[in-house]
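Colleague: Let me begin by handing over the structure; questions about it come next.
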């Protein structure tokens, strides 16, 4: 039940809180609302950060802010993460700049337009590529890097939407379902090598991505979500629903029989 | 909390962009009166404006935390551009204390950054939950006006972006006319994307505090004279009592402690006013009891104590959403500045009218404005006496009273504060702010507010889009 409770940690893997200052963190999709809020917490702890994002102006604004908030180091690279051919070079550069890597935090993704994706396969493929194929490419490199060193955390933003496809966003949902399944398998493979894989499933969060969506006034506060994510990484959790209410909600949604579910408007 | 965003949420989040808003308004001012529907669009990046205006049919208005009281942060049926997501730090020089930040950062967030580094705001309003841009746009003031002037006096420069895409760096020497129009310019001259603020050094969170009871305006003025060199002074005033207790109050003074102390960030507020209070909760008896308790709380006529800066500067921030205390009808604030020549007689006359109205609530504040000139064309502070009081909104009663009090203010040569206003008439506004026509030339044609539409009586203003 408790997704936050990590397995009994053997001493060598538990993070020494006093050693937080040395955390080296690679952030992919660093200008997303959740990523930026999380990075502000790490910056205040004096972490070393390497930020990757697509828009140079936004990336520079975020990097300057994090440096002022106390990050010991902030490196940046502008990259379109859809371009999987460049991933190996990009990741090698990031890890060299950080002189190592304790945490890789994958937060990039697109919501896409469900209605458009229902008619236009190119758009559907785009959603799958950005949210699933590209993270698989990144995680393949990162997982092997961590396995070699028998250390590291791969913290990846998936979504509650991946727990069951719904008509309102099943392209986004299926891309995240694929990602969640990939992460579960990856964890099964490399946890025994000393590498933690954390699947983060946020419910709707107030960020630029969800601005203007119906009911967004009630969405979760991004700073609280970020703090929960930082705590889950510190505890070496495997799965995280955030806010936690989404775990029982999704349990119910996953278990509604299809003869009923198919008639619902979700 | 490492992040320490001791921070209430901005009053709203984005409304649906696709549909017309329905139900209660998405964005309320702090007084929750008046209430208007508007579309709310968040600005997250310095480059979002003016691109965000593309396709908008209506006028727009940049807004922050919605802590001004009346309609200066509202735009009926228009688009509110909420800047609170634009809250990044850009630069800080620990030698000079000059902080550069995006305009949607709140003073609370600035304090979280500055206090652990030994710096403090140069001017503190009564709440820290306002944005940097809002503080400039209303040229806010604090308890140290005599020494420091208003907020804009501590802003070396900012960037102003117009709806046509023009970007201007504004300071006292560069684009000085745009600088003067934008300080106190109520968000109407364009969007302030970032600004500099000159912070002041501190060595401790603590404030050396003194509280002194007084009876009547003469005792108040004597105290003011006696303590004129103390940095922060403000008085709480009982506006309900008449007769012997007329104008009794507590004169509060403070200075940053010079004894070095721990400079940790503030904890998050824990108390939230849970819901609208019923209309009968605030009545003459409950308010009168509150005022009596408050007056005698300090036990003796003169107390000295060491207080943390939070309760000294932001006592009401400890209870999030305290404005719900006024119930669903909301409240209006009445805030004037009277010039010294007629400040005393005007204050006595106006306070008598207020006491006789029976409508007064607690939270009346009396202080003086000093001689440091404000830099804005439309800045509120002027040397003399400043007074502020909240009124619960009673339909058909409060607004006419406010109009009468506005006329009295005008008669005594004073002015009212747009950031706190819901009732100023066009005639009053144009007398209070004789530069308004010059200021109007700097207004961005795409931007307006319900306040501006109301007080300038420009029925055709939106047609110049």
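Colleague: So which residues in the range A:32-45 are under 17 Å from residue A:156 (Cβ atoms) and either surrounded by fewer than 24 Cβ atoms within 10 Å (Cβ to Cβ) or more than 9 Å from chain B (Cβ to nearest Cβ) (or both), if there are any at all?
Modeller: Selection gives A:32, A:33, A:34, A:35, A:37, A:38, A:39.
Colleague: Mind checking whether some residue in the range A:144-157 is within 14 Å of the chain's Cα centre (by Cα), more than 14 Å from every other protein chain (Cβ to nearest Cβ) and within 21 Å of residue A:255 (Cβ to Cβ)?
Modeller: no
Colleague: Being within 14 Å of another protein chain (Cβ to nearest Cβ) and within 24 Å of residue B:107 (Cβ to Cβ) is the filter here; which residues of the range B:34-77 pass it?
Modeller: Listed by number, the residues that qualify are B:40, B:41, B:42, B:43, B:44, B:45, B:46, B:48, B:49, B:66.
Colleague: While we're here: I want to confirm something. Restricting to the range A:190-207 and keeping residues that are in a helix (DSSP H, G or I) and surrounded by fewer than 19 Cβ atoms within 10 Å (Cβ to Cβ), which single residue is farthest from the other protein chains (Cβ to nearest Cβ)?
Modeller: A:192
A quick yes/no check of all residues on (1) outside the structural domain of residue B:314 (by TED's automatic domain parsing); (2) closer than 29 Å to residue B:391 by Cβ; (3) in contact with a helix residue (DSSP H, G or I) (Cβ under 6 Å, 6 or more places away or on another chain):
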{"residue": "B:139", "(1), (2), (3)": "yes, yes, yes"}
{"residue": "B:143", "(1), (2), (3)": "yes, yes, no"}
{"residue": "B:182", "(1), (2), (3)": "yes, no, no"}
{"residue": "B:229", "(1), (2), (3)": "no, no, no"}
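Colleague: Could you grab me the full set of residues in the range B:112-131 that are within 14 Å of chain A (Cβ to nearest Cβ) and buried (at least 20 other Cβ atoms within 10 Å of the Cβ)?
Modeller: Residues satisfying the conditions are B:112, B:113, B:114, B:115, B:119.
Colleague: Give me a count of the residues in the range B:306-343 that are over 27 Å from residue B:385 (Cβ atoms), in contact with a helix residue (DSSP H, G or I) (Cβ under 9 Å, 6 or more places away or on another chain) and part of a strand (DSSP E or B).
Modeller: 1
Colleague: Listed residues B:28, B:102; which is within 13 Å of another protein chain (Cβ to nearest Cβ) and within 20 Å of residue B:333 (Cβ to Cβ)?
Modeller: Just a single option satisfies the conditions, and that option is B:28.
Colleague: Considering each of A:52, A:160, A:133 in turn, give the residue that is in contact with a helix residue (DSSP H, G or I) (Cβ under 9 Å, 6 or more places away or on another chain) and under 15 Å from residue A:35 (Cβ atoms).
Modeller: None of the others qualify; the one that does is A:52.
Colleague: Right, residue A:187: touching a strand residue (DSSP E or B) at 6+ places or on another chain (Cβ under 9 Å) and away from chain B (no Cβ under 11 Å) or not?
Modeller: yes
Colleague: Would you check which residues across the range A:212-242 are in contact with a helix residue (DSSP H, G or I) (Cβ under 7 Å, 6 or more places away or on another chain), more than 9 Å from chain B (Cβ to nearest Cβ) and in a loop (DSSP other than H, G, I, E, B) and list them?
Modeller: A:238
Colleague: Right, here's the next one. With a cut-off of at least 3 residues that are farther than 23 Å from residue B:190 by Cα, name the helices (runs of 4 or more DSSP H) lying wholly within the range B:368-447.
Modeller: Ranges flagged: B:398-411, B:426-432.
Colleague: Hey, another quick one. Please tell me if residue A:217 is at negative phi, out of contact with any strand residue (DSSP E or B) (no Cβ under 8 Å at 6 or more places or on another chain), at pLDDT below 90 and surrounded by fewer than 20 Cβ atoms within 10 Å (Cβ to Cβ).
Modeller: When the stated conditions are applied, residue A:217 passes them.
Colleague: Being crowded, with 19+ Cβ neighbours inside 10 Å and either in a loop (DSSP other than H, G, I, E, B) or not assigned by TED's automatic domain parsing to the domain that holds residue B:308 (or both) is the filter here, so list the residues in the range B:242-256 that pass it.
Modeller: Result: B:247, single match.
Colleague: Return the residues of the range B:192-217 that are farther than 18 Å from residue B:234 by Cβ and touching a helix residue (DSSP H, G or I) at 6+ places or on another chain (Cβ under 8 Å); say none if nothing qualifies.
Modeller: Residues satisfying the conditions are B:192, B:195, B:197, B:198, B:199, B:202, B:205.
Colleague: Within the range B:78-99, count every residue that is farther than 27 Å from residue B:447 by Cα and away from chain A (no Cβ under 12 Å).
Modeller: Total meeting the criteria: 4.
Colleague: Right, something else. Within the range B:270-280, can you find the residues that are surrounded by 12 or more Cβ atoms within 10 Å (Cβ to Cβ) and assigned to a loop (DSSP other than H, G, I, E, B)?
Modeller: B:273, B:276, B:277
Colleague: Take residue B:12 and decide whether it is modelled with pLDDT under 85, touching a strand residue (DSSP E or B) at 6+ places or on another chain (Cβ under 6 Å) and not in a strand (DSSP E or B).
Modeller: yes
Colleague: How many of the residues making up the range A:50-75 are within 14 Å of chain B (Cβ to nearest Cβ), within 23 Å of residue A:110 (Cβ to Cβ) and under 20 Å from the mean Cα position of the chain (by Cα)?
Modeller: Matching residues across the range A:50-75 total 8.
Okay, residues lined up against (1) modelled with pLDDT of 90 or more; (2) on the phi < 0 side of the Ramachandran plot; (3) in the same structural domain as residue B:116 (by TED's automatic domain parsing); (4) surrounded by 15 or more Cβ atoms within 10 Å (Cβ to Cβ):
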site: B:282; (1), (2), (3), (4): no, yes, no, yes
site: B:286; (1), (2), (3), (4): no, yes, no, no
site: B:296; (1), (2), (3), (4): no, yes, no, no
site: B:300; (1), (2), (3), (4): no, yes, no, no
site: B:304; (1), (2), (3), (4): yes, yes, no, no
site: B:307; (1), (2), (3), (4): yes, yes, no, yes
site: B:312; (1), (2), (3), (4): yes, yes, no, yes
site: B:319; (1), (2), (3), (4): no, yes, no, yes
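The values are calculated or read from the model by the stated rules, or taken from the named source; none is laboratory data. As the structure is a prediction and not an experimental result, all values here were calculated from the model. Every residue, glycine among them, receives a Cβ derived from its backbone with ideal geometry; neighbour counts consider all protein chains shown.
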